[in-house]
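A.B. asks: Supplied in C-alpha cells, the structure appears directly below.
The values are calculated or read from the model by the stated rules, or taken from the named source; none is laboratory data. Computed from a predicted structure; not experimentally measured. Here the Cβ is made from the backbone with ideal geometry for all residues, glycine too, and neighbour counts use every protein chain on show. For the accessible areas, the whole protein counts, side chains as well, though only heavy atoms, and no ligand, DNA or RNA atoms are used. Shrake-Rupley method; radii C 1.70, N 1.55, O 1.52, S 1.80 Å.
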Amino acid sequence: MNAHEMETLALWRAASPGAVLLDGFHAVKHALRFGAEIRVVLTTDRAAVRALADELAADVGGYIEETAREVSVPFLRELIPRGGPTGVVALARRPEAGPSCEPARTAPIVLLENPRNLGNVGAVVRLAAGFGVAAVLTTGDLDPWHPNVVRGSAGLHFATGVARVDPDALPTGPLFVLDPEGVDLRATEIPDDAILAFGTERHGVSAALRGRADRRVAIPMRPRVSSYNLATSVGMTLFRWSETSANAPT
Ligand SMILES: C[S@@+](CC[C@H](N)C(=O)[O-])C[C@H]1O[C@@H](n2cnc3c(N)ncnc32)[C@H](O)[C@@H]1O
C-alpha cells in the first residue's frame with residue numbers, strides 16, 4: 001500500500017463510526033441533495049465521475065468530483081468487497097435524531113411491521129422520498145439504515161425520516177392497515193396524517209396491528225393471486241394518496 005492509500009485508509013477508518021455507507025454515484029448525489037453531511041468520498045475514476053456529474057448532477061457533481069480521493073480498483077474492492085459499478089463510495093454522518101412525526105403533518109407515515117428483506121425496505125424508502133412521505137418507520141430487529149437498505153434507496157434516506165420504532169409507541173394519526181381483506185383502496189381517501197401500515201413479507205400483518213386499525217384497505221388483485229410484493233404495495237398506496245392530496249408532489 002502506498003502513502004496515499006495509507007492516508008486514505010486512515011481517513012476512512014476515522015470517518016466510519018456513526019457513519020452511513022453510500023455506495024455509488026447516485027447514492028452520494030441523492031444524499032448531498034438532501035442535506036447529508038459527507039465525511040469522505042472515494043472514486044476509482046475521477047474522469048468517469050466528471051462525466052456522470054456533467055450528465056446527471058450539475059448541482060452536486062462538481063462537489064463530488066472535487067472532494068473525492070482517487071484510489072485504485074483493488075484498494076476499493078478490499079475496502080467495500082461488494083461495491084457497485086460506478087466506483088464511487090462515501091461515508092455520511094447518520095442522523096442522530098429520529099423523524100419528528102408531528103401530528104399536524106402534511107404527508108402520511110409508512111409503517112413496516114417487522115420487514116425482513118433489506119432490498120424491500122430500501123425500495124420503500126425510495127418511494128417515500130419520491131412522494132414526500134413524512135417518515136418510514138419499522139418495527140422488529142432489522143436496522144432500516146443497514147448499508148444494503150441504503151443501497152436499495154439509492155441514498156434517499158436523507159430525503160425522508162427513517163427510524164425503527166416500538167410498536168407500542170406509534171405516532172398519532174389514523175391507522176390504515178393494508179390487508180387483502182380490507183375495503184377497496186380505490187374507494188378509500190387517505191388523509192395526510194394517516195399511518196399506512198404494511199405487514200411482514202412472509203406472514204402479513206399481525207393480529208395485534210390489525211386489531212388496532214382504524215381502516216383496513218385492500219389493493220385489488222385477481223382471484224388466485226395471494227398478495228403483492230411489500231414495496232409494490234407501498235407504491236400503489238402512496239399513489240392513491242397522491243391522487244387526492246393537495247400536498248402530494250405534482
Ligand atoms: C408480501 S405481503 C405479505 C403476504 C403474506 N403472505 C400475507 O398473507 O399477507 C406484504 C404486505 O404487503 C401488503 N399487501 C400485499 N398485497 C396486498 C393487497 N392485495 N392488499 C393490501 N395489502 C397488500 C400487506 O400489508 C402485506 O402484509
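A.B. asks: Can you pull the semi-axes for the chain, root of five times each eigenvalue of the Cα gyration tensor, sorted largest first, whole Å?
C.D. replies: After diagonalising the Cα gyration tensor, the semi-axes are 37, 18, 16 Å.
A.B. asks: Run the accessible area of the chain with a 1.4 Å probe and give the carbon-and-sulfur part as a rounded percent.
C.D. replies: Carbon and sulfur atoms account for 51 percent of the accessible area of the chain.
A.B. asks: Shifting gears a bit: Got a sec? Which residues in the range 112-150 would a label at Ala208 touch, if it sits 7 Å along Cα→Cβ and we count backbone N under 15 Å?
C.D. replies: The answer is 112-115, 138-142.
A.B. asks: Would you work out the relative contact order for the chain, in percent, from Cα pairs under 8 angstrom that are 6 or more residues apart?
C.D. replies: 20 percent
A.B. asks: How far, in nm, would the chain grow between Glu243 and Arg93 when pulled straight, counting 0.36 nm per residue and subtracting the alpha carbon separation?
C.D. replies: 50.5 nm
A.B. asks: To the nearest 500 deg cm²/dmol, what mean residue ellipticity at 222 nm is calculated for the chain from DSSP H runs of n ≥ 4 alone, each contributing -39,500 (n - 2.57), summed and divided by the residues? Mind dumping the intermediate values first?
C.D. replies: Details: 9 runs with 87 residues, N = 250.
The helix contribution divided over the chain gives -10000 deg cm²/dmol.
A.B. asks: Mind grabbing the base-10 log of I(q)/I(0) for the range 109-244 at q = 0.11, 0.13, 0.16 Å⁻¹? Debye formula, identical points on the C-alpha positions, no solvent, two decimal places.
C.D. replies: Log-scaled intensity ratios, in q order: -0.34, -0.48, -0.74.
A.B. asks: With every protein chain left in place, what is the accessible area per residue of the range 109-244 in square angstrom, probe 1.4 Å?
C.D. replies: Accessible area per residue, the range 109-244: 45 Å².
A.B. asks: Something else now. Separation between the Ala10 and Ala104 pseudo-spin-labels, each 7 Å from Cα along Cα→Cβ, expressed in nm?
C.D. replies: Each label point is offset 7 Å from its Cα along the Cβ direction, giving 5.2 nm.
A.B. asks: Name the long-range amide H neighbours of Val20: under 5 Å, sequence gap of 5 or more, or other chain; modelled H, no Pro or chain starts.
C.D. replies: Those lying under 5 Å, H to H, from Val20 are Ala92, Arg93, Arg94.
A.B. asks: Restrict the search to the range 149-250; then list the trypsin sites (Lys or Arg not before Pro) that DSSP places in a loop and that have at most 11 other Cβ atoms within 10 Å of their Cβ.
C.D. replies: Qualifying residues, ordered by number: Arg202, Arg224.
A.B. asks: Based on alpha-carbon positions alone, could you give the equivalent ellipsoid semi-axes of the range 3-93 from the gyration tensor, as √(5λ), descending, whole Å? Intermediate values should be presented prior to the final figure.
C.D. replies: Details: eigenvalues 73, 47, 25 Å².
Each semi-axis is the square root of five times an eigenvalue, giving 19, 15, 11 Å.
A.B. asks: Hey, another quick one. Based on the alpha carbons, how large is the Rg to Rh ratio for the range 48-155 when Rh follows Kirkwood?
C.D. replies: That ratio equals 1.03.
A.B. asks: Can you give me the angle between helix 118-131 and the longest principal axis of the chain, using Cα atoms only, in degrees from 0 to 90, rounded to the nearest 10?
C.D. replies: Long axis of 118-131 versus the principal axis of the chain: about 80 degrees.
A.B. asks: Taking θ = phi - 60°, what integer Hz values does the Karplus form 6.51 cos²θ - 1.76 cosθ + 1.60 yield along the range 65-70, in sequence order, with x for Gly and Pro?
C.D. replies: My calculation for the range 65-70 gives 4, 6, 8, 5, 8, 7 Hz in order.
A.B. asks: With everything on Cα atoms, drop me the angle between helix 230-244 and the longest principal axis of the chain, reported from 0 to 90° to the nearest 10.
C.D. replies: Roughly 70 degrees, rounded to the nearest 10.
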